[in-house]
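Contents: one structure, followed by commentary.
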There are 2 protein chains.
Amino acid sequence: MSADAAADRRFMQAAIALSERGRGLSTPNPNVGCLIVRDGVIAGRGWTQKGGRPHAEAQALEEARDRAEGATAYVTLEPCFHLSPRGPRCADLMARAGVRRAVIALRDPDPRTDGQGADYLRARGVDVEMGLMAEQAAAAMRGFVLRQTLGRPAVTLKLGLSLDGCIALADGSSRWITGEAARAHAHLERARHDAILVGGGTLRADAPRLDVRLPGLEDRSPRRLLLTRHAAPDGWERIARPDDIATLSHVDHLMVEGGAETAAAFLRADLVDRLLLYRAPILIGAGRAGIAGIGLTDLAAAHGRWRLADDRRLGEDRLEVYERVRSA
Amino acid sequence: MSADAAADRRFMQAAIALSERGRGLSTPNPNVGCLIVRDGVIAGRGWTQKGGRPHAEAQALEEARDRAEGATAYVTLEPCFHLSPRGPRCADLMARAGVRRAVIALRDPDPRTDGQGADYLRARGVDVEMGLMAEQAAAAMRGFVLRQTLGRPAVTLKLGLSLDGCIALADGSSRWITGEAARAHAHLERARHDAILVGGGTLRADAPRLDVRLPGLEDRSPRRLLLTRHAAPDGWERIARPDDIATLSHVDHLMVEGGAETAAAFLRADLVDRLLLYRAPILIGAGRAGIAGIGLTDLAAAHGRWRLADDRRLGEDRLEVYERVRSA
């Protein structure tokens, strides 16, 4: 890899990291990240803000001001080119600011842009490269991408497990399996989702608050959904079946927190895109399993579906992140 | 750390790695490793051979020949000083060979040596340092150490698990959860144990061969033990209770392979020192749990017992090794 190509990857990686800041906040817009770089120095950074505006590019250009002239813009999604009453078109903003080169990770699957943003930039004399680290950018904007491709939000299933796969003792007690660092991380993940869902049994048994109890992030507590055949109590929105998540508005990233029947219902419907496994170094033995029956009758069919995407230590515990492997 | 101290650690690490070669082979003697180093160059390597002779030191000195003169010996256990009809005393061998310095990891807990080997070397003018990486050396000779301290072999519990902690579908099928690399590694671990144990239910259901099916290691298949109240079939030795492992002769390292009731019986008796978790990236859901009830009634009591000692990728799977934390 040339030094320039390596620098491009580093800056795009940083733009993707910025895009993660808007995950769970930016709906109805995708959580884009953008970096403006002139002469190897970062002049502006942006990520799509709460409610979708300003867009990442607008924010980064605002920070860069006249240093955007002749600069390179790294952006995780093709700049928008469709007119909106909510704000300016980013492709236009970038051209006007004098950006000389645009490195774009993912072509916008939204048919209202879908290549037109890049075409417009080229027509205005901007060097455009599209496709760098598209897969990583798509993973960070998973909810937006799945909305476009599968018509539903991205679903994360979170489990807090013992080494032998239990989420509680047989009597239901589960405080605590994981330690403070893991629980804090799980709260941070809540803040990165637009909504959290539990099943009716979990609500009745545990009365979970499902809020974000991290200093400074209290107002990032997401919407609370209940999978139930009955009515939902105050403060909860009800869905009757996992498939109904497609009908939720302003939810691109959904976290399912259990219990075992709810986890199984989403897995059976193949609606889980990402597993967050918080694993404590304890054995429980004959405890409660995290996942009820998912209709598996043949072990061979279980393979090839999950790929380890990340793992880390969190205090005494470990977090593993698995992603659903879907053929394109 | 000085350069010399760093070199000492590197050479001792290599001696510990050599000692692992004798694990599961060297009983009734400890699986010691030894390195002879002169002027920074390795002159001899040894590990205790099958059945316990030659000792690691004898083998390393044999390889080094006259290059042992003035050399440093790295040895994972204090050289023996008690007379045996089976071979020479290693402390004597080392002094006679002209070794100038002996770096010893673990003082020999066997009361017949217990410091006398080191004293003898010092009396013969050898520089002796004892205690370097003693904990790591003890872990590699875990079976010998536990024989001396707890009067029983070291026990490894092996489990092949899905991400949700199942060892089989509800109908019992378990072929295959883990892939080839993980299964080959598990066979290698068999070769490093003196005996393997399963419960009567597993024998009846799966008829496991429990042999080492790795090219070149077929003759390393360990003894086969059965935990059962009934008689054991031909080729199997019976034990009636987990505690009976203390009575087994020539078994320092024992691997328990299941099933769930047998695993739980050893855990309830606090007889498991090491967990080998082979984990496949699959979900099963409502499958068979790997561990039956272990009498846990309070989650707090489950914590602080297991420490991650190693983890690695094995093809698509992951191996995690946990060690039982025991206060000294």
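The values are calculated or read from the model by the stated rules, or taken from the named source; none is laboratory data. Bear in mind the structure is a predicted one, so any value in this text is a computation, not a measurement. Here Cβ is always computed from backbone atoms with ideal geometry, including for glycine, and neighbour counts include all displayed protein chains. Only protein heavy atoms, including side chains, enter the accessible area calculation; ligands, DNA and RNA are left aside. Shrake-Rupley method; radii C 1.70, N 1.55, O 1.52, S 1.80 Å.
In nm, one decimal, shortest first: how far is the label point of A:Leu308 (7 Å from Cα along Cα to beta carbon) from the matching points in the other copies?
Spelled out, the distances from A:Leu308's label point are 1.0 nm.
Tell me, what is the Rg over Rh of the range A:150-324, with Rh the Kirkwood radius over Cα pairs?
Details: Rg = 15.5 Å, Rh = 16.6 Å.
Rg/Rh: 0.94.
Probe of 1.4 angstrom, ligands and nucleic acids ignored: what's the accessible area per residue over the range B:3-147, in square angstrom? The partial results should precede the final answer.
On the way: 6220 Å² over 145 residues.
Result: 43 Å² of accessible area for each residue.
Closest approach to the A-B rotation axis by any Cβ of A: residue and distance in angstrom?
Result for the axis mapping A onto B: A:Gly165, 1.
Around A:Leu225, which amide H atoms from residues at least 5 apart in sequence, or from another chain, sit under 5 Å from its own amide H, with H modelled in the peptide plane?
For A:Leu225, whose amide H was placed from the backbone, the distant partners under 5 Å are A:Ile196, A:Leu197, A:Val198, A:Glu237.
Ignore the peptide's own chain and count Cβ atoms of other chains within 10 Å of each Cβ in B:263-276; give me the average, rounded.
Details: counts 3, 4, 0, 0, 3, 1, 0, 0, 0, 1, 0, 0, 4, 0.
Per residue, the number of nearby Cβ atoms from other chains is 1 on average.
Mind listing, in residue-number order, the residues in the range A:277-295 that have at least 30 Å² less accessible area with every protein chain present than in their own chain alone (1.4 Å probe)?
The answer is A:Arg279, A:Pro281, A:Ile282, A:Leu283, A:Ile284, A:Gly285, A:Ala286, A:Ile291, A:Ile294.
Net charge around B:Leu254, counting only other residues with Cβ within less than 13 Å of its Cβ (Lys, Arg = +1; Asp, Glu = -1)? The partial results should precede the final answer.
Details: positive: B:Arg23, B:Arg142, B:Arg147, B:Arg152, B:Lys158, B:Arg190, B:Arg192, B:Arg223, B:Arg224, B:Arg274; negative: B:Glu189, B:Asp194, B:Glu237, B:Asp243, B:Asp244, B:Asp252, B:Glu257, B:Asp273.
Its environment carries a net charge of +2.
In the protein assembly as shown, what percent of the accessible surface is made up of carbon and sulfur (1.4 Å probe, ligands and nucleic acids excluded)?
On the way: 13660 of 28380 Å².
Looking at the protein assembly as shown in its full context, I get 48 percent from C and S.
Rank these by accessible area, largest first, 1.4 Å probe: B:Glu57, B:Glu237. Write down the numbers at each step before the final one.
Values: B:Glu57 5, B:Glu237 65 Å².
Of B:Glu57, B:Glu237, the descending order of accessible area is B:Glu237, B:Glu57.
What list of ³J(HN,Hα) couplings, whole Hz, do you get for the range B:2-18 from phi and the Karplus terms 6.51, -1.76, 1.60, once you set θ to phi - 60° and write x for glycine and proline?
Ordered by residue, 3J(HN,Hα) equals 6, 4, 5, 5, 5, 5, 4, 5, 4, 5, 5, 4, 5, 5, 5, 4, 4 Hz.
Which of A:Ala300, A:Ala123, A:Ser221 sits closest to the plus end of the dipole of chain A, meaning its Cα is farthest towards the positive end, when Lys and Arg get +1 and Asp and Glu get -1 on the C-beta?
A:Ser221
Net charge around A:Ala232, counting only other residues with Cβ within less than 11 Å of its Cβ (Lys, Arg = +1; Asp, Glu = -1)? Working shown, then result.
On the way: positive: A:Arg224, A:Arg229, A:Arg238; negative: A:Asp234, A:Glu237.
That sum, taken over residues with Cβ under 11 Å, equals +1.
How big is the range B:227-328 by the Kirkwood estimate over distinct Cα pairs, in Å?
On the way: mean 1/r = 0.0628 Å⁻¹.
It works out to 15.9 Å.
Charges only on Cβ, +1 for Lys and Arg, -1 for Asp and Glu: so what's the dipole of the range A:1-134 about the Cα centre, in debye to the nearest 20? Write out the running numbers ahead of the final one.
Working: 19 positive and 17 negative charges, 66 e Å.
Using Cβ point charges on Lys, Arg, Asp and Glu, the range A:1-134 gives about 320 debye.
When the dipole is taken about the Cα centre of chain A, and only Lys, Arg (+1) and Asp, Glu (-1) are charged at their Cβ, what size is it in debye, to the nearest 20?
Values: 47 positive and 43 negative charges, 65 e Å.
Around 320 debye, computed over chain A.
With every protein chain kept in the model, how would you rank A:Arg238, A:Arg100, A:Arg183 by accessible area, 1.4 Å probe, largest at the top? Kindly include the intermediate steps, with their values, before the conclusion.
Working: A:Arg238 115, A:Arg100 155, A:Arg183 65 Å².
From most exposed to least exposed: A:Arg100, A:Arg238, A:Arg183.
Estimate for me the total accessible surface buried between chains A and B (protein heavy atoms, probe 1.4 Å, no ligands or nucleic acids), in Å² to the nearest 100. Don't skip to the end; give the middle numbers.
Details: alone 15760 and 15770 Å², together 28380 Å².
The contact between B and A buries close to 3200 Å².
Solvent-accessible area of B:Trp47, probe 1.4 Å, all protein chains present, reported in Å² to the nearest ten, please.
Using a 1.4 Å probe on the heavy atoms, I get roughly 50 Å².
Placing +1 at every Lys and Arg Cβ and -1 at every Asp and Glu Cβ, with all other atoms neutral, what dipole size does the protein assembly as shown have around its Cα centre, in debye to the nearest 20? Don't skip to the answer; put the middle values down first.
Details: 94 positive and 86 negative charges, 55 e Å.
Charge dipole of the protein assembly as shown: 260 debye, to the nearest 20.
Can you give me the Kirkwood hydrodynamic radius for the protein assembly as shown, using every pair of distinct Cα atoms, in Å to one decimal? Walk me through the numbers on the way to the answer.
Values: mean 1/r = 0.0352 Å⁻¹.
That comes to 28.4 Å for the protein assembly as shown.
For the range B:1-108, build the charge dipole from Cβ charges (+1 Lys, Arg; -1 Asp, Glu) around the Cα centre, then report which of B:Met94, B:Val37, B:Leu83 sits farthest towards its positive end.
B:Leu83
Report the percentage of all Cα-Cα pairs in chain B whose separation exceeds 35 Å, rounded to a whole percent. Mind showing how you got there, number by number?
Numbers: 14608 of 53628 pairs.
Everything past 35 Å amounts to 27 percent.
Compare each residue of the range A:139-175 in its chain alone against the assembly with all protein chains, and report those whose accessible area goes down by 40 Å² or more; 1.4 Å probe, heavy atoms.
With the partner chains in place, the range A:139-175 has these residues losing at least 40 Å²: A:Leu163, A:Asp164, A:Leu169.
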